[in-house]
Amino acid sequence: MTISAGKYWGMRRMADASGRFKMTAVDQRPPIKNPIRAKRGTAEAPWEDVATFKELLIRELQGESSAMLLDPHYAYPRGVTMLDARIGMILTLEDSIFHEVPGGRLSREIDDWSVEKIKRAGGDAVKVLTWYRPDADPAVCRAQQDFTQRVGEACARYDIPFVFELLVYPLASDSEQTSEYVEMKTKQAQLVIDSVRAFADPRFGVDLFKLESPVPAADVPEPGAAGSDVVQALFRELDRAAGRPWVMLSAGAGMDEFRRVLHYAYAAGASGYLAGRAIWLKAFQRFPDWGGIRDELRDEAVPYMRGLNVLTNGAARPWHAHPCYGAGGARVEPADASFRHAYAGFGG
């Protein structure tokens, strides 16, 4: 597997100096807007409230982050001027409002937003969440694949890394029903793994997978405890299915749960994390006490991230050392005077 010059630099920008990802997500919309709306008793969450919270996340958490994931609605316009230019900036592309149809869920881009705009705005990478179930209606699966392929082709055109997130969701026939951005407690590991395997096809152009645990986070045992061998085997299967660098998402898992998940992910070959609520949800629950939120981020979230980063430093695989790049690791080719002739740039 080769990597282009622009994608190589974007991947480096997202990672720390050793090639490990310690990335914080502040692009969430419904998980932030809905509680604020309920607390305020308004039809919509006030823009100022959402933006102020995201500003606090950027200010307080960027010091422990190798990159931050922002949205174009709140986090970028409010926070880009205070984002440390030494860390990576990922921008999300998918609309948080998905289309529910009888056969499954359909994803779409944010209106008036594109891969081109993300590149022009200075983004180091494009992130997209595609809701996917391999057992959903075949027409829904094709539509989700087509959507993802279009994004991947645009990322190749503008030579920017494609960070691709997958989440299993409930179908109408499932006992567990929710439209929230939370992990399914009844999900099947094989659905998670088969979804990843489907999008590992080169036609989708995924550079970095952002993946959920194949086992509900609450059911992941302590490493070495009863059942840990079975769980570790599932994480290793997830790694084989991805076939390229990948990181773990938290999907609303608790702090202790997510830390356990990372132990298994790193043992299987993951290169870090891209997480949000596991880090900052406890602080957010103090809304609208802005001072309390700030203190909670400093006293709880930052030390928690430091602990995750120690674990990541010692156990995660540097992205550029992934076997998919061959014995020499990820590199830009040709590494000689012919580079400018061989490099296609935009549209190549």
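The values are calculated or read from the model by the stated rules, or taken from the named source; none is laboratory data. Owing to the predicted nature of the structure, the values given are computational and were not obtained by experimental measurement. Note: ideal-geometry Cβ built from the backbone for every residue, glycine included; neighbour counts use all protein chains shown. Protein only, heavy atoms only, side chains kept; ligands, DNA and RNA dropped before computing areas. Shrake-Rupley method; radii C 1.70, N 1.55, O 1.52, S 1.80 Å.
Do you know the relative contact order of the chain, to the nearest whole percent, from alpha carbon pairs under 8 angstrom that are 6+ apart? Intermediate results must be reported in sequence, preceding the final value.
Values: 625 pairs, mean separation 66.0, N = 348.
Over the chain, the number comes to 19 percent.
First check a/c for region 16-174, with a ≥ b ≥ c the square roots of the eigenvalues of its C-alpha gyration tensor; if it is under 1.5, answer rounded, and if not, answer prolate when a/b is larger than b/c or oblate otherwise.
Values: a/c = 1.94, a/b = 1.23, b/c = 1.58.
Oblate is the answer for region 16-174, as a/c is 1.5 or above yet b/c matches or exceeds a/b.
Each of I97, A75, S65 was placed along the dipole of region 65-120 (beta-carbon charges, centred on the mean Cα), and the one lying farthest toward the positive end is S65. Across the cross-link table entries K7/K210; K22/K210; K127/K187; K33/K54, which are compared at the Cα atoms, the separations over 18 Å belong to K127/K187. Given +1 at the Cβ of Lys and Arg, -1 at the Cβ of Asp and Glu and no other charges, the dipole of the chain around its Cα centre is 740 debye to the nearest 20.
Sort V128, V332 by heavy-atom solvent-accessible area, probe 1.4 angstrom, most to least. It would help to have the intermediate numbers written out before the result.
Details: V128 0, V332 40 Å².
Descending order: V332, V128.
Taking all protein chains into account, the per residue accessible area for region 233-322 stands at 34 Å² (1.4 Å probe).
May I ask you to rank W246, W290, W47 by accessible area, largest first, using a 1.4 Å probe over the protein chains only? Write down the numbers at each step before the final one.
On the way: W246 0, W290 70, W47 115 Å².
Sorted by accessible area, descending: W47, W290, W246.
Rounded to the nearest 20, the size of the Cβ-charge dipole of region 1-60 about its Cα centre is 200 debye, with Lys and Arg at +1 and Asp and Glu at -1. Seen through its C-alpha gyration tensor, with square-root eigenvalues sorted a ≥ b ≥ c, region 105-151 comes out prolate because a/c lies at 1.5 or above while a/b is bigger than b/c.
Restricting the count to DSSP beta bridges whose residues both fall in the chain, what percent are antiparallel, rounded to a multiple of 5? Don't jump to the answer; show the numbers that get you there.
Details: 4 of 31 bridges.
Taking every DSSP beta bridge with both residues in the chain, the antiparallel ones total about 15 percent.
Using only side-chain charges placed at the Cβ, +1 for Lys and Arg and -1 for Asp and Glu, the dipole size of region 1-152 relative to its Cα centre rounds to 340 debye.
Shape verdict for region 234-278, please, from the Cα gyration tensor: rounded (a/c under 1.5), prolate (a/b greater than b/c) or oblate.
On the way: a/c = 2.38, a/b = 1.77, b/c = 1.34.
Taking the square roots of the gyration eigenvalues as a ≥ b ≥ c, region 234-278 is prolate.
Whole-percent P(r), the chain, all Cα pairs, 10 Å bins from 0: 5, 26, 36, 25, 7, 1, 0.
Among R108, R133, R40, determine the one that fluctuates most according to a GNM of the chain built with springs between C-alpha atoms less than 10 Å apart. Top of the fluctuation ranking is R40. Residues whose amide H comes within less than 5 Å of that of M248, counting only those at least five positions distant or on another chain, are L211, G272, Y273, L274 (H built at 1.01 Å from N in the peptide plane). Just how far, in whole angstrom, is region 136-154 from region 285-348 if you go by their alpha carbon centroids? What the calculation gives is 27 Å, centre to centre. Ranking G19, A275, F204 by Cα position along the charge dipole of the chain, where only Lys, Arg, Asp and Glu carry charges on their C-beta atoms, puts G19 farthest toward the positive end.
Return the calculated 222 nm mean residue ellipticity for the chain, to the nearest 500 deg cm²/dmol, obtained by summing -39500 (n - 2.57) across DSSP H runs with n ≥ 4 and dividing by the residue count. Intermediate values should be presented prior to the final figure.
Values: 13 runs with 140 residues, N = 348.
About -12000 deg cm²/dmol.
Along the charge dipole of region 129-249, which of C141, V231, A218 sits closest to the positive end, that is, farthest toward it, with unit charges on the beta carbon of Lys, Arg, Asp and Glu (+1, +1, -1, -1)? It is C141, whose Cα lies furthest towards the positive end.
May I ask you to derive the relative contact order of region 97-141, considering only C-alpha pairs under 8 Å and at least 6 residues apart, and to give it as an integer percent? The value is 43 percent. Of all DSSP beta bridges confined to region 37-194, the antiparallel ones make up roughly 25%.
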